[in-house]
Amino acid sequence: MARLLAILNTTAARLSALYLLLFAVCATFLVIYMTSLSANMLVSQTRDAINEEVRGLDRAYQRGGLPVLVRVMEARARQPGANLYMLADINGRILSGNVESLQPGILDITGWTERPFTYTRYGESEQRLNGRVEEKHEAMAVVFRLPSQFIVLVGRDLGEPEKFRRVMQRALVVTLAIMSLGAFLIWYFVGRRALKRIDRVSAASRRIMAGDLTGRLPISSAGDEFDRLSDNLNKMLDRIAALNEGLRQVSDNIAHDLKTPLTRLRNRAEAALAGKPKTDDYREALERTIAESDQLIRTFNAILMISRLEAGYSAELTTAVDLRAIVDDVEELYEPLAEEEGVTLTASKPEGAVEFQGNRELVGQALSNIVDNAIKYSSGSGDAPRVELVLERSGDEIRLTVRDNGPGVPEADRDRVTERFVRLEESRTQPGSGLGLSLAKAVMTFHGGRLEFADNNPGLAVAMVFPASPASRKS
Amino acid sequence: MKILVIEDDREAADYLKNAFAEAGHTADIARDGDSGFALADSGSYDVYIVDRMLPRRDGLSIITELREGGNKTPALILSALGEVDDRVTGLRAGGDDYLTKPYAFSELLARVEVLERRSGAKEVETVYRVADLELDRLSHTVRRAGREIVLQPREFRLLEYMMRHAGQVVTRTMLLENVWDYHFDPQTNVIDVHISRLRGKIEKGFDKPLLHTVRGAGYMLKD
């Protein structure tokens, strides 16, 4: 019972009930309309038949007066299934015809009877007494008076239209009953099916909520809307799992990589207190402590920002940005540093603005990180170190490449350089948080682009690849 | 300078109070949004430092309501939230500067001192002077002891910013924000190289150094 109630409480059940109601109303209306149309047609046919009779009787009367009329009427009245004929005198006494009695008042009117009346056929009252005919007949008729004050009634039994109406009514009741039963069955089975699938999805989501984050919603082979919904929910769960994994990685990395500098910080403070240090030693220890703390803060902010960017794209943060202007800015920002490091910094750009839907600050920061790296690593290399910025459109992409002729990165390590805190062994001595390229990669992902690494023979080429049209950006 | 610090973390607030006192300023502390707003609305402060997330009332709404009431006292927003869009929302709410936690006190101090001075009249001056160094904002010329110094456009803006805030510490981040209009932590020593170039141009051949490095904080242009 409870199960049935649950099914009745489903959307499918409510919808089928609504459909059933609407359909029943329409069907009823249709049946009633058809019935009345057919009944009207039958009535008008009856009327035509009576008119025809009257014309025949009229001709007989014209030919031989009352006697002929009576003869013709008698003859016709005796035929099987005959119409109604009756001749009465002015007092309503029946003189001739096949009508035995009439509903009172009919003979007082002249012309068509307004509504069906009841009558008894000649000889039928006996039969009724014997119980063979159970009901009175209904008929319509035309009544007119002869100049000799006799009353003539010509009519026709309405049994057929009445029968038709009854058949239609019965059909309507049966149809509605079958329809209701059908709707109830459909409703029961569809509702139960929907309920079962939703129950499975609910059960799966309860398991996931209970902590089984690897669980996914079941997908049948039907590919219907339930599957699409489950599929989307699964994708959502995948995304949540990925974000979760990212978060876990960040906290692991923070724990692991901030511990080292924090320990160093602590040891330095301890060392400064040990022995009998001079004021200058204190000062130096404190200054180094501040410098180290600043580096820690910087690292921390970078981690926060990467996590923020990886959380997803936000249209609020983007405007139309000129990549060319960003290249100019970064070139100008790094030119003195490059010069000091003995690195030649050049930039080649196409004519005019290179518009792109994005965030100027983020792209600027990502590019600075890459250029910073390039200058840092190429400055050590022997012959004429140089860093080149190349901005170009290629197909439906915009490529911003930073080439250097430094030591480069072995192909095997190229995927690793964007991982958080990864610094290739030989570069451990270089200052930096190890987050520069991770941040650049996060910025590119945020913009729906990617970071590509290639060999510059010698050196490294890092390409920031942006989709030229914002439509191709994934949300 | 009288500073109002609206910050719910007791330790952080006490630290700020002491640190500001050491730097020669007085700081009042409010520990929740309501009392912070009441203090800000009644007292006369030179700068507000407002934490974004406060008990009872969030920091941004305090600033918005103060601004709606015609209060123009500069406000610096402190936030533990991430970067990028938070700064934009903060500034849009009526804040004048934005700093993300964790921050270095030297950075906060430099920004607060610059904020206080911002309400002064320096903006409308067309010629800045520090000792015998002179910068004309209209004709875009720089002279020292009457001798013209040729600067690149960016160097000019750098010097202009330093001179507007002469006698105050400006940090590398502040320079990147105000001279280059990028809001990120500059890597290693990019800004330092620009400063040393500028220093070379305005100090070479003159006895007196004007552009000083403040260790652990940034730079200061002073007599």
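Could you name the aspartates and glutamates in cross-link range of A:LYS163, using Cα to Cα under 19 Å and dropping any fewer than eight places away on the same chain?
A:GLU134, A:GLU135, A:GLU138
Which whole number gives the average, over all residues in A:331-344, of C-beta atoms from other chains lying within 10 Å of the residue C-beta? Each step should come with its number before you reach the end.
Numbers: counts 0, 5, 11, 4, 6, 13, 8, 2, 2, 5, 1, 0, 0, 0.
The shielding value for this peptide is 4.
Taking 60 Å as R0, compute the FRET efficiency from the Cβ-Cβ separation of B:TYR15 and A:MET179 and round it to 0.05.
On the way: r = 80 Å, r/R0 = 1.33.
Efficiency computed from Cβ-Cβ geometry: 0.15.
Explain nothing, just the number: relative contact order of chain A, from Cα pairs under 8 Å at least 6 residues apart, as a whole percent. Mind dumping the intermediate values first?
Values: 593 pairs, mean separation 45.1, N = 475.
Result for chain A is 9 percent.
Report, for chain B, the % of DSSP beta bridges that are antiparallel, rounded to 5.
Taking every DSSP beta bridge within chain B, about 50 percent pair in antiparallel fashion.
Quote the relative contact order of the range B:127-221 in percent (integer), defining contacts as alpha-carbon pairs under 8 Å separated by 6+ residues. It would help to have the intermediate numbers written out before the result.
Values: 111 pairs, mean separation 24.2, N = 95.
Relative contact order here is 25 percent.
Which value in deg cm²/dmol, rounded to the nearest 500, describes the helix-derived mean residue ellipticity at 222 nm for chain B, given -39,500 (n - 2.57) per DSSP H run of n ≥ 4 and division by the residue count? Could you put the intermediate results ahead of the total?
Details: 8 runs with 85 residues, N = 223.
Calculated from helices alone, the mean residue ellipticity at 222 nm is -11500 deg cm²/dmol.
Starting from the 7 Å offset along Cα-to-Cβ, what nm value, one decimal, do you get for the label separation of A:ALA271 and A:ARG206?
Those two pseudo-labels are separated by 6.1 nm.
State which stretch of chain B is the longest one without any exposed trypsin sites (Lys or Arg not before Pro), exposure meaning a DSSP loop state and at most 11 other Cβ atoms within 10 Å. Working shown, then result.
Numbers: sites that count: B:LYS72, B:LYS204, B:ARG215.
Looking at chain B, B:73-203 is the longest stretch - no exposed trypsin sites (Lys or Arg not before Pro) with at most 11 other Cβ atoms within 10 Å.
Net charge within 14 Å of A:VAL68 by Cβ-Cβ distance, Lys/Arg positive one each and Asp/Glu negative one each, not counting A:VAL68 itself?
Working: positive: A:ARG59, A:ARG63, A:ARG71, A:ARG76; negative: A:ASP58, A:GLU74.
In short, +2.
Shape call for chain A from the C-alpha gyration tensor, a ≥ b ≥ c root eigenvalues: rounded (a/c under 1.5), prolate (a/b greater than b/c) or oblate?
Verdict is prolate for chain A.
For A:LYS196, which aspartates and glutamates qualify as cross-link partners when the Cα separation must be under 19 Å and same-chain residues fewer than eight apart are set aside?
Within the straight-line cut-off, A:LYS196 pairs with A:ASP224, A:GLU225, A:ASP227, A:ASP231.
HN-Hα J couplings of the range B:61-66 from phi, Karplus 6.51/-1.76/1.60, θ = phi - 60°, integer Hz, Gly and Pro as x?
Each residue's phi maps through the Karplus curve to give 5, 4, 5, 4, 5, 4 Hz.
Past 30 Å, Cα to Cα: identify those pairs from A:LYS235/A:LYS259; A:LYS376/A:LYS441; A:LYS278/B:LYS204; A:LYS441/B:LYS222, in the order given. Provide the component values of the computation, followed by the final result.
Numbers: A:LYS235/A:LYS259 36 Å; A:LYS376/A:LYS441 19 Å; A:LYS278/B:LYS204 36 Å; A:LYS441/B:LYS222 42 Å.
Exceeds cut-off: A:LYS235/A:LYS259; A:LYS278/B:LYS204; A:LYS441/B:LYS222.
Per DSSP H run of at least 4 residues, take -39500 (n - 2.57); add these up for chain A, divide by its residues and hand me the 222 nm value, nearest 500 deg cm²/dmol.
Details: 9 runs with 261 residues, N = 475.
Using -39500 (n - 2.57) per qualifying helix, the result is -20000 deg cm²/dmol.
How large is the accessible surface of A:ARG207 in square angstrom, using a 1.4 angstrom probe and rounding to the nearest 10?
130 Å²
Which GluC sites (Glu not before Pro) does the range B:127-185 hold that lie in a coil by DSSP with at most 10 other beta carbons within 10 Å? Intermediate values should be presented prior to the final figure.
Working: sites: B:GLU134, B:GLU148, B:GLU155, B:GLU160, B:GLU177; in loops: none.
Nothing satisfies the criteria.
Counting Lys and Arg as +1 and Asp and Glu as -1, each charge on the Cβ, what is the dipole of the protein assembly as shown about the Cα centre in debye, to the nearest 20?
3380 debye
How much length, in nm to one decimal, is gained on full extension between A:ASP199 and A:SER44, taken as 0.36 nm per residue of separation minus their Cα-Cα distance? Kindly include the intermediate steps, with their values, before the conclusion.
Numbers: separation 155, 0.36 × 155 = 55.80 nm, distance 6.15 nm.
Result for the pair: 49.6 nm of gain on full extension.
Am I reading the B/A interface right? What is its buried accessible area, both sides, 1.4 Å probe, to the nearest 100 Å²? Spell out each step's value before the answer.
Working: alone 11320 and 28670 Å², together 37150 Å².
Chain pair B/A: roughly 2800 Å² of buried accessible area.
Between A:ARG248 and B:LYS222, what is the label-to-label distance in nm when each label sits 7 Å out along the Cα-to-Cβ direction?
Spacing of the two 7 Å Cα→Cβ label points: 5.3 nm.
The values are calculated or read from the model by the stated rules, or taken from the named source; none is laboratory data. Just so it is clear, the model here is predicted, and its values are computed rather than measured. Reconstructed Cβ throughout: ideal geometry from the backbone, glycine too, with neighbour counts over all protein chains shown. Just so you know, the surface numbers come from the protein's heavy atoms only, side chains and all, with ligands and any DNA or RNA stripped out. Shrake-Rupley method; radii C 1.70, N 1.55, O 1.52, S 1.80 Å.
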